[in-house]
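Taking it in order: structure first as C-alpha cells, then the write-up.
The values are calculated or read from the model by the stated rules, or taken from the named source; none is laboratory data. In this text, all values refer to a predicted model and were calculated from it rather than measured experimentally. Here the Cβ is made from the backbone with ideal geometry for all residues, glycine too, and neighbour counts use every protein chain on show. In case anyone asks, the SASA skips ligands and DNA or RNA and just uses the protein heavy atoms, side chains included. Shrake-Rupley method; radii C 1.70, N 1.55, O 1.52, S 1.80 Å.
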Amino acid sequence: MMRKTTTEQTISVQEAIESRHSIRKFIQQPIDQQHLQNIFELVQLSPSAWNLQPWRFHVVTDVNLKKKLEEAAYGQKQVTSAPAVIVVTSDMEDVLTNIGDTVHPGLSEEQKQEEVANLSAFFNGMSVEDRGQWGLNQTNIAFGILMTAVQGYGYASNPMLGFDQDKVRDLLNLPKHVQFAGILPIGKPDGEGYPHHRFALEKIVKFH
C-alpha cells in the first residue's frame, strides 16, 4: 500500500532515532489524521516470526477516555497532555482463530493447508499464557518501529509500562488473554526532554 503524500517532510531513520526523547508534556494540537494513517502503514510492515502479526493498536483521542486512562496509569499527566494515546497490545488468540489469514497468498493450496496445520499444532501445544508471551515478544518489535515512525513524522512519544492492566482492559473492553506491550502518548513536544544518558558501547556490545 502506497502512503499518501503530505505537505510535512519526514526525517531520516537515523535522525528519528538520534532525536527521540521521552516527552511528558505536549502542545495541545490535534495530530494530523493522514500522519496517523502513514505512521501505521509503516508499522504495518514490522516483521514477525511466521508473519503472525499479533500486534493490535488502540488509538485513544477521546478526552474523557484519556482521563480514565490517566487514572489507570496512576495519575501520570502525559496521558491527558498528549492529543493521542496508543495502547499497544498483543492478541495471539485472535491470531490462532484466523491463522489462515497469516499464510502467504503465493503458496499453493496444499502448502497453505500444511502451514496452517503446522502452526495450529505448534501453538495449541502451548498454554494461553505462554503463547501470549510469545506474541508479546513479537509485538515489542512493532512497538519500537512505532516510536521511530512517530518521531519521523515530527511527533514525540513516551513509552509507558506503569499502569493497571486490568483497568485498561475494562476501559477498552479487551479480553483477559490480551497482553500489553505498553501505552504510548504521542504529540508535538512542549519542551526538549532530558539529554540522552546511555551505556558505552563496550558495555552493551560484544563482538565474537
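Counting only residues that are outside any helix (DSSP H, G or I) and open to solvent by less than 30 Å² (accessible area, probe 1.4 Å), segment 140-161 holds 6 of them. Restricted to segment 174-191, and to residues that are under 22 Å from Ile39 (Cα atoms) and assigned to a loop (DSSP other than H, G, I, E, B), which residue is most open to solvent (accessible area, probe 1.4 Å)? Top of the filtered list is Asp190. Report yes if Gly135 is part of a loop (DSSP other than H, G, I, E, B), among the small types (Gly, Ala, Ser) and either touching a strand residue (DSSP E or B) at 6+ places or on another chain (Cβ under 8 Å) or under 29 Å from Glu15 (Cβ atoms) (or both), otherwise no. In short, no.
In the list Asn98, Asn118, Asn158, Asn137, which residue meets the criterion of being within 26 Å of Leu69 (Cα to Cα), free of Cβ contacts under 8 Å to residues at least 24 places away in the same chain and not acidic (Asp, Glu)? Talk me through it step by step, then tell me what you get.
On the way: Asn98 fails: within 26 Å of Leu69 (Cα to Cα); Asn118 fails: within 26 Å of Leu69 (Cα to Cα); Asn158 fails: free of Cβ contacts under 8 Å to residues at least 24 places away in the same chain.
Result: Asn137 is the single residue among Asn98, Asn118, Asn158, Asn137 that is within 26 Å of Leu69 (Cα to Cα), free of Cβ contacts under 8 Å to residues at least 24 places away in the same chain and not acidic (Asp, Glu).
Here Asn124 passes the criteria (1) within 24 Å of Leu146 (Cα to Cα); (2) open to solvent by 60 Å² or more (accessible area, probe 1.4 Å) except the one numbered (1).
For segment 26-51, the set of residues classified as open to solvent by 60 Å² or more (accessible area, probe 1.4 Å) and within 17 Å of Ala84 (Cβ to Cβ) consists of Ile27, Gln28, Gln29, Pro30, Asp32, Gln33, Gln37, listed by residue number. Scanning segment 52-75 for residues that are on the phi < 0 side of the Ramachandran plot, of a type outside the set (Lys, Arg) and open to solvent by less than 60 Å² (accessible area, probe 1.4 Å) yields Leu52, Pro54, Trp55, Phe57, His58, Val60, Leu65, Leu69, Glu70, Ala72, Ala73.
For beta carbons closer than 8 Å, sequence separation of 6+ or different chains, a first residue in segment 57-79 that is in contact (Cβ under 8 Å) with a residue 60 or more places away in the chain and in a strand (DSSP E or B) and a second that is of a type in the set (Phe, Trp, Tyr) and open to solvent by 30 Å² or more (accessible area, probe 1.4 Å), the qualifying pairs are Phe57/Phe40.
Taken over segment 108-154, the criterion of being farther than 30 Å from Pro185 by Cβ and among the aromatic types (Phe, Trp, Tyr) is satisfied by Phe122, Phe123.
Being over 15 Å from the mean Cα position of the chain (by Cα), over 17 Å from Gln76 (Cβ atoms) and of a type in the set (Ser, Thr, Tyr) is true for just one of Tyr194, Tyr153. Which residue is that? Before the answer, list the steps.
Details: Tyr194 fails: over 17 Å from Gln76 (Cβ atoms).
One residue alone meets the criteria, Tyr153.
The set of residues from segment 192-208 being surrounded by 10 or more Cβ atoms within 10 Å (Cβ to Cβ) and of a type in the set (Val, Ile, Thr) is empty. Scanning segment 151-190 for residues that are aliphatic (A, V, I, L, M) and touching a helix residue (DSSP H, G or I) at 6+ places or on another chain (Cβ under 6 Å) yields Val168, Leu171, Ala181, Ile186. Would you confirm whether any residue within segment 96-106 is open to solvent by less than 60 Å² (accessible area, probe 1.4 Å), under 23 Å from Asp164 (Cα atoms) and of a type outside the set (Phe, Trp, Tyr)? Among the residues of segment 96-106, not one is open to solvent by less than 60 Å² (accessible area, probe 1.4 Å), under 23 Å from Asp164 (Cα atoms) and of a type outside the set (Phe, Trp, Tyr), which makes the answer no.
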